[in-house]
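Laboratory data are not the source of any read-out in this text; all were calculated from the coordinates shown. Small disclaimer: the values here were computed from a predicted structure and weren't measured. Don't worry about glycine lacking a Cβ; one is built from the backbone with ideal geometry, like all the others, and counts go over all protein chains shown.
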Amino acid sequence: MKSDKMVGVLRSQVVPVIGCTEPVSIAISVATAKAQMKNRAEKVKVKLSVNILKNGMRVGIPGTNEKGIPFAIALALANGNGSADLSIFKDIEQDAIDKAHKIVDSGIIEIEAIEANKGFYIKTQLFSEDEEVEVVIEDNHTNIISIKKNGFDIPFINVTTGSKNPNGYQIEKLDDIYTFIEEVDIEKIAFLKEGVEMNLAIAEEGKNNPYCSALGPHLFSLIESGKVSNDILNRMKAYTASGSDARMGGANFPVMSSSGSGNHGLTAIIPVAILAEELNSSEEELLRALALSHLITSYIKQKAGRLSPICGCAIAAGIGASAAMTYLQGGKKEQIDLAILNMVGTLAGLICDGAKGGCSFKLVTAVNEAYTQSLLALDGTSIALHDGIVGSNSDETIDNLGKLSQKGMEQVDKFLVDIML
C-alpha cells in the first residue's frame, strides 16, 4: 500500500542524530570495525567520497571543543560504548576525549578522498599486527554494506537506524505526496511531533549560549534593539540560525534530521512549527504540514543526491518548508506548486561548501525565501514557466534541479575541497 510506504519513508528519513551526520557516519564505520578487533588498532585508513570530506572538514564534534574528521575517527576509537548508530557521540566522557587527542597526535590516522566515486562512500580499515578489519558504508549514513576481517566476510545484520527507505521505495511524483498528506491517518505520523520539541530545544540552547559565529543570538539582538522588526519571519530566522549555530558548534543536543541531515531537519521543522503556533494551527494541521515538509525534502534529495554540490538546506529542506508553510496558510496543490517553482528559481545555484558554523547563514537565507515565496504563491505570484531552470511544472522543475546537481555540477565538490584545503 503506497500510504504505508510513505509512512515508511518518514520513519526512515526523520530520525534523531547528535552532531553533523558525515563525521557521525565515519565514526560509525570506525566503531563497527573496532568491534571486530581483538587488539588495539595501530593504523587507521579511511577512504571517503569527496562530498563527505567536504562536509566533515570544519564541523564541531558534539561534547568536545574539537572539529573535523580526524578527531571524529579518534573519538570513535577511544570511546568505549561501541555505538554504531546516529547517537554515537552521545554522552562522551572526558577520558575518551583525552584518549582521542593522543590518538590524533600519534599520527596513525590516514584519510584519503576518492574523486572517482560520485556517491556516498566510506571505507574504513583498521590494522594491528595480525588483524585487518574493513567496513564499507554506501548510499547513506548508516548503510553498512560489508564487514571483512583478514579478507573474509563477516556475517552481520544491518539494523542501524534509517538505513534505507522501505523496499527501496522511491517517491514517483509530487501528487503522491499531496494525496498522502490529505488522506493519511494522523496517528501514523504523530511521531513527527517529537522533532518539533527536539529542534526547538537545540534552538533555545543556541539562543542562550553562543556557538560559532552566534548568528542566531545576534539576530535576536537586532530584534530586541528594534533594528529589525519583531515579526514572524525574523523570529523564524533567528531560531533556525540558533539551532544550526549550536549543532555546528558541537552542542551535545539531539537534532531531528531530515533525509540524513540535521540542518535539513532544522530547516524543515523550525519555521513550520513557529508559523503553526502563530496561526494557532491544530496539532493535526501541524503534523500534516511537517509530513509534507519532510517528504518534499526527501523527494528532492532523491533527485539531487544524498550529498550534493548545491545546498540541500535551501534547495531541499527550504523547499519542503515553503510548501508546508503554504499549506498551513490554506494553500492547495496549485499554490504549493507555485512555491516550489519560486524556490527553485531563486535558490538553485546556492552551493554547499561543507558543514561548518557558517551553515546558519545559509539556513537563514533558506527560511527567508521559504516564507516569502509561500506568501507570493498564496498571492498567485510565480516565476514564469521555462524561465531558466524552471520547467513546465513543479515535477519537471525538480527533475531539472536533480540534473543540475548530479550532472551539471559533478566537478564542483572537487574544486570546493581544493579551495577549502
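Odds and ends about this structure:
- Magnitude of the charge dipole for segment 209-297, about its Cα centre and with charges confined to Cβ atoms of Lys, Arg (+1) and Asp, Glu (-1), is about 320 debye.
- Whole-Hz ³J(HN,Hα) from phi, Karplus 6.51 cos²θ - 1.76 cosθ + 1.60, for segment 56-65, glycine and proline x: x, 5, 10, 8, x, 9, x, x, 9, 9
- Coarse-grained scattering of segment 231-281 at q = 0.13, 0.20, 0.25 Å⁻¹, given as base-10 log I(q)/I(0) from a Debye sum over alpha-carbon atoms: -0.31, -0.67, -0.93
- Label-to-label distance, Asn65 versus Ile232, with points set 7 angstrom from Cα along the beta-carbon direction: 4.3 nm.
- Taken about its Cα centre, segment 170-420 carries a charge dipole of roughly 800 debye when the Cβ of each Lys and Arg holds +1 and the Cβ of each Asp and Glu holds -1.
- Bridging of Lys414 to aspartates and glutamates at a Cα separation below 15 Å is possible for Glu112, Glu115, Asp353, once same-chain residues fewer than 8 apart are set aside.
- Each of His218, His141 was scored by other Cβ atoms within 10 Å of its Cβ. Arranged with the fewest first, they read His218, His141.
- Ranking Phe156, Gly107, Gln13 by Cα position along the charge dipole of segment 1-158, where only Lys, Arg, Asp and Glu carry charges on their C-beta atoms, puts Gln13 farthest toward the positive end.
- Taking the average, over residues, of other Cβ atoms within 10 Å as the packing measure, peptides 91-103, 358-370, 389-401, 15-27 rank 15-27, 358-370, 389-401, 91-103 from highest down.
- Extension gain, Ser225 back to Met37 (0.36 nm per residue minus Cα-Cα distance, nm): 61.9 nm
- Neighbour net charge for Cys20 - beta-carbon separation under 10 angstrom, K R +1, D E -1: +3
- Within a Gaussian network of the chain (alpha carbon springs, distance under 10 Å), most fluctuating of Ser259, Ser242, Ser146: Ser146
- Within-14-Å neighbourhood charge of Phe180 [Cβ basis; K, R +1; D, E -1]: 0
- The charge dipole of the chain, taken about its Cα centre with unit charges on the Cβ atoms of Lys, Arg (+1), Asp and Glu (-1) only, comes to about 740 debye.
- Note that segment 374-383 has calculated 3J(HN,Hα) couplings of 5, 5, 5, 5, 5, 7, x, 8, 9, 4 Hz, one per residue in order, obtained from phi through the Karplus relation 6.51 cos²θ - 1.76 cosθ + 1.60 (θ = phi - 60°); glycine and proline are x.
- Most to least packed among 372-379, 70-77 [average Cβ atoms within 10 Å]: 70-77, 372-379
- Helix axis angle, 262-278 relative to the chain longest principal axis, alpha carbon, degrees: 30
- Counted charge near Gly357, where neighbours are those whose Cβ lies closer than 14 Å (Asp, Glu -1; Lys, Arg +1): +2
- Asp176-His386 FRET efficiency (beta carbon distance; Förster radius 35 Å; 0.05 resolution): 0.90
- With a simple spin-label model that places each label point 7 Å from the Cα along the Cα-to-Cβ direction, the separation between Leu375 and Tyr169 comes to 3.6 nm.
- C-alpha long axis of helix 2-13 to longest principal axis of the chain, angle in °: 50
- Dipole axis of segment 170-420 (+1 Lys, Arg; -1 Asp, Glu on Cβ), positive-most option in Phe180, Gly330, Pro254: Pro254
- Tensor-based shape of the chain (alpha-carbon gyration tensor, a/c under 1.5 rounded, otherwise prolate or oblate): prolate
- Taking amide hydrogens as placed 1.01 Å from N in the peptide plane, the amide H of Ala113 sits under 5 Å from those of Leu48, each at least 5 positions away in sequence or on another chain.
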